[in-house]
Amino acid sequence: MKQVVTFGEVMMRLSPPLNYRLSQAASLDVTYGGGDANVAAALAQMGVPAAHVSAFPANELGYAAASHLRRYGVDTTHCLFTEGHRLGLYFLEVGASLRPSRIVYDRAESAFAHLDPAAFNWDEILKNAGWLHWTGITPAISAAAAQAIADAIAAARRLGLTVSADVNYRRNLWQYGQKAQDVMPALVAGCDIVVCTEGDADDLFGLQPAAAAPNSFSSMSEQLAQRFPQIKRVIATRRQTQSASHERICGLLWDQGEFFETPFYDISPVVDRIGGGDSFISGFIYGSHAYEDRAQALSFATIASALKHTIHGDINLVTPAEVEHLMQGNLTGRLLR
């Protein structure tokens, strides 16, 4: 498989140990992550060559964030390091049982928000790649970031790459004067595969499932593909949250008129749900190359996402063999020796 390239902001994540509240914390655990970067790191764990492109501050925090990605096998050759701005932060308070997890963002004026789109030579960056992935978080951060991903998608189309996006609509991030509804359609038009729920399709594109449709996801996907003919596959997860410590998820796939759905997988206790969606799309990218059977590719993606809920940090540190072990029905968590 050719290299997968992702593009987006990387932040420092700060969390109290165990399940302490932020108001109790005497120390904070440090890791790094970002939706797009999490995809690259998860793929690298699966043996797929992966690169992440971003902009970091030229200081010790920026260098540490880039080093964190390299630690997991991600190529950071084309990342920028710039003076005068900062690394974005987010604080995660991990919930338990009836108390939900909470996130506080501190990402204003980051180096990524102030990147120069012209500093990225996308034809050079993508020349040996086979896949470009991005999320809707990236164009929400700033007009410069939106222009950079537009340039990346245009180059990927010229070079014949597969382009995927997790539209991941975050209303509160769009603060720089542009509306997601004005920016996202032109970007999604260049995608072959999108992660999109019915809610995001309504919020971003004004698309609603037909009232009489027996399958709301298929109805939404049909409309999305009619609006954006480049799209061939639409995927998503369904989540049934029982508590902060107990989740059930299943995977959905619409593929040019055909619909696939996995069973629900039960996850209890949830160790860390951050990055679950990123693990789903990285699993689907891997599964799409590893299996001719689309149902198997979807199963791989969904189980990879389920496994991420059992791992601390943003990154899904699982191998294909571990996912395939569960695909074979070994769902008891029995000790392996």
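What the table shows:
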{"read-out": "From the options Pro229, Pro214, residue that is modelled with pLDDT of 95 or more and loosely packed, with under 14 Cβ neighbours inside 10 Å", "value": "Pro229"}
{"read-out": "Some residue of region 268-278 being farther than 19 Å from Glu247 by Cα and surrounded by fewer than 18 Cβ atoms within 10 Å (Cβ to Cβ)", "value": "no"}
{"read-out": "Unmet criterion (only one of (1) out of contact with any Leu (no Cβ under 8 Å at 6 or more places or on another chain); (2) over 21 Å from Ser15 (Cβ atoms)) for Asp278", "value": "(2)"}
{"read-out": "Any hit, region 15-22, residues being crowded, with 17+ Cβ neighbours inside 10 Å and either touching a Cys at 6+ places or on another chain (Cβ under 9 Å) or of a type outside the set (Val, Ile, Thr) (or both)", "value": "yes"}
{"read-out": "Residue within region 299-307 that is hydroxyl-bearing (Ser, Thr, Tyr), part of a loop (DSSP other than H, G, I, E, B) and under 23 Å from Met220 (Cβ atoms) present", "value": "no"}
{"read-out": "Region 47-68 - residue that is crowded, with 24+ Cβ neighbours inside 10 Å and within 23 Å of Phe300 (Cβ to Cβ) and, of those, nearest to the chain's Cα centre (by Cα)", "value": "His52"}
{"read-out": "Test: Asp278 is in contact (Cβ under 8 Å) with a residue 60 or more places away in the chain, acidic (Asp, Glu), closer than 15 Å to Lys308 by Cα and not in a loop (DSSP other than H, G, I, E, B)", "value": "yes"}
{"read-out": "Matching residues, region 73-102, being in contact (Cβ under 8 Å) with a residue 60 or more places away in the chain, in a strand (DSSP E or B) and of a type in the set (A, V, I, L, M)", "value": "Leu89, Leu92, Ala96"}
{"read-out": "Positions within region 296-306 being polar (S, T, N, Q) and within 16 Å of the chain's Cα centre (by Cα), in sequence order", "value": "Thr302, Ser305"}
{"read-out": "Residue in region 38-46 that is in contact with a Gly (Cβ under 7 Å, 6 or more places away or on another chain), in a loop (DSSP other than H, G, I, E, B) and touching a residue at least 60 places away in the same chain (Cβ under 8 Å) present", "value": "no"}
{"read-out": "Residue match in region 28-36 (condition: surrounded by fewer than 15 Cβ atoms within 10 Å (Cβ to Cβ) and either of a type in the set (Gly, Ala, Ser) or closer than 19 Å to Ala304 by Cα (or both))", "value": "no"}
{"read-out": "Matching entry among Asp272, Asp293, Asp278 (being of a type in the set (Asp, Glu), at pLDDT 95 or above and under 20 Å from the mean Cα position of the chain (by Cα))", "value": "Asp278"}
{"read-out": "Subset of region 209-230 (residues that are closer than 18 Å to Gly277 by Cβ and in a loop (DSSP other than H, G, I, E, B))", "value": "none"}
{"read-out": "The listed residue being of a type in the set (Phe, Trp, Tyr) and farther than 21 Å from Val163 by Cα, out of Tyr265, Tyr291, Tyr286", "value": "Tyr265"}
{"read-out": "Qualifying residues in region 232-247 (those that are among the hydroxyl-bearing types (Ser, Thr, Tyr) and closer than 16 Å to Lys308 by Cβ) - the one surrounded by the most Cβ atoms within 10 Å (Cβ to Cβ)", "value": "Thr237"}
{"read-out": "Qualifying position, being among the charged types (D, E, K, R) and touching a residue at least 40 places away in the same chain (Cβ under 8 Å), among Arg248, Arg294", "value": "Arg294"}
{"read-out": "Members of region 191-208 that are farther than 23 Å from Tyr286 by Cα and part of a loop (DSSP other than H, G, I, E, B)", "value": "Gly206, Leu207, Gln208"}
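The values are calculated or read from the model by the stated rules, or taken from the named source; none is laboratory data. If you're wondering where the values come from, they're calculated on a predicted model, not measured in any experiment. When we count neighbours, we look across all protein chains shown, and the Cβ atoms used for this are built from the backbone with ideal geometry, even at glycine.
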